[in-house]
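Everything below concerns the one structure shown next.
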Amino acid sequence: MYKNFRIADELVRKTEEAELAVQQQFREIDKVCEFNSLKVLQAFHKYQISEVHFNSTTGYGYNDIGRDTIEKVFAEVLGSEDALVRGQFISGTHALTVTLFALLRPGDLLLSITGKPYDTLDEVIGIKENASSLKSFGVKYDQIDLIDDDFDYEKIITYLKNNKVKVIEIQRSKGYSTRKSITIEQVEKVIKKIREVDQDVIVMIDNCYCEFVGTKEPTEVGADIMVGSLIKNLGGGIAPNGAYVAGHNDLIELVAERLTAPGEGREVGPTLGINKLFLQGLFFAPSVVASSLKTAVLASKLLEDMGYEVEPKYHDVRADIVQNIVFRDKEKLIRYCQGIQMASPIDSHAIPEAWDMPGYTDQVIMAAGCFTQGSSIELSCDGPIRAPYIAYMQGGLTYPYGKIGVMKAVQQLLQE
Ligand SMILES: *Cc1c(COP(=O)(O)O)cnc(C)c1O
């Protein structure tokens, strides 16, 4: 069969070797998957999920029992007081935007303690000029960079002693940066330190790509509110769009009032047939995240064996599902992404090229042959066309498909 895919025998052998070498990591991933599956199932049982919850509403979407129960299930799974889980959130960026606008008022100060946030937030915050940014409403912004892939604790504490900060943002996943992603232990430690000097500041987490990678979520270790996309981890590859925001009830109410309208809040929002997909997606999510992690671990080992620089390494503790491969060569980055596309179920005949995407400074290449447009819980790979030419690979609905994708991408690398 691999011959049909023009994957060389030698590569099949090398991949099998790599796979053998990562069995311990796979076992650990399976354990986490089992734990999170128990978490999900327990929440389904607690709220007695039934066929009635697969209902659909239209128009205003009043009295949507499925939607309201799904939000309770998400809150339970994430160990938070409350959650808002809606298809009206277009994406993670939109949910982050609504949350920031919900929590911040003119004159308030937003502080990022993981350096510059994800690229698409530049115009939301006003780092890059936009007439509708938080800055245009008089919301101030400052950031403290990480040092050696950890929080700059001293600087954060001094800053909080000297400034009244309304919201602290922590972005766990690395985005298009070269830093490492932030583990749950790091999140827990920094929140403890923050609380020693400031009990009021709202700690908000961008949790994109991190859900179910470990056994705890940020709201279980002291975060006030967190945000994630449903076309990433918690959608399980089934949710066709949407995002969640989870945290303290009073904050979630503010987010709901901003998402819809003050006075209407969470009471409105038609589900248009999405309820069953959200539930099914959450049900699959622990296994899909596990498949993504195994795909990433295999790629890490195989490419390291071939002499490439990778981050994380196959035996590193992972905080998210993203695997970096540092190519230091533009053509190699492009060929690797093209190989991922070639092994995709959808649009396998398309050849991705680098282009000027809105919201990004450099050209970006993106391979995503997905059932859901832009879904990156499905095997996908992208990277900005700038030195050192790093591929950011993530997703994999099942491990076999993930493995085939990695092999095809590596084969493209080898084909000069
Ligand atoms: C994906 C992502 C976002 C936003 O994603 P959308 O593509 O808008 O859903 C924000 N932050 C991080 C760290 C991400 O990985």
- Query: Using θ = phi - 60° and the Karplus form 6.51 cos²θ - 1.76 cosθ + 1.60, what ³J(HN,Hα) does each residue of the range 176-182 get, whole Hz, x for Gly and Pro?
  - Reply: 8, 10, 9, 6, 8, 7, 8
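Roughly speaking, what is the stretch gain from Glu129 to Asp145, that is 0.36 nm per residue apart minus the C-alpha to C-alpha distance, in nm to one decimal? Don't jump to the answer; show the numbers that get you there.
Values: separation 16, 0.36 × 16 = 5.76 nm, distance 2.12 nm.
Using 0.36 nm per residue and subtracting the Cα-Cα distance, I get 3.6 nm.
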- Peptides 233-241, 69-77 ordered by average Cβ neighbours within 10 Å, highest first: 233-241, 69-77
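Which FRET efficiency value, to the nearest 0.05, is calculated for Ile157 and Trp355 with the Förster distance at 60 angstrom and r the Cβ-Cβ distance? Write down the numbers at each step before the final one.
Details: r = 43 Å, r/R0 = 0.72.
The computed FRET efficiency comes out at 0.90.
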- Message: If I model a spin label at Arg179 and Lys31 as a point 7 Å from the Cα along the Cα→Cβ vector, what separation in nanometres do I get?
- Response: 2.9
- Item | Packing-based exposure ordering (other Cβ within 10 Å, fewest first) of Cys370, Cys210 | Cys370, Cys210
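Work out how much length Val197 to Met1 would gain on full extension: take 0.36 nm times their residue separation and subtract the Cα-Cα distance, in nm to one decimal. Working shown, then result.
Values: separation 196, 0.36 × 196 = 70.56 nm, distance 6.10 nm.
This chain segment gains 64.5 nm when fully extended.
In what order do Asp305, Asp356 fall by count of nearby beta-carbon atoms within 10 Å, going from fewest to most? Display every interim value, and only then the final one.
Details: Asp305 15, Asp356 10.
Neighbour counts put them in this order, fewest first: Asp356, Asp305.
How big is the shadow of the Cα convex hull of the range 1-129, averaged over all directions, in nm²? Intermediate results must be reported in sequence, preceding the final value.
Values: hull surface 61.2 nm².
Result: a mean projected hull area of 15.3 nm².
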- Message: Straight-line reach from Lys301: which lysines fall under 27 Å, measuring Cα to Cα and dropping same-chain residues less than 8 apart?
- Response: Lys3, Lys14, Lys31, Lys174, Lys180, Lys216, Lys232, Lys313, Lys330, Lys332, Lys403, Lys408
- In units of 2.2 N^0.38 Å, what is the alpha-carbon radius of gyration of the chain? 0.97
- For the range 63-83, list residues with backbone N below 18 Å from a point placed 7 Å from the Cα of Glu257 toward its Cβ? 82-83
- P(r) histogram, all alpha-carbon pairs of the range 146-201 included - 10 Å bins from 0, percent: 21, 54, 24, 1
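None of the figures in this text is laboratory data; all of them are computed from the coordinates on show. Keep in mind it's a predicted model, so treat the numbers as computed, not measured. Glycine gets a Cβ as well: all are built from the backbone with ideal geometry, and neighbour counts include every protein chain shown.
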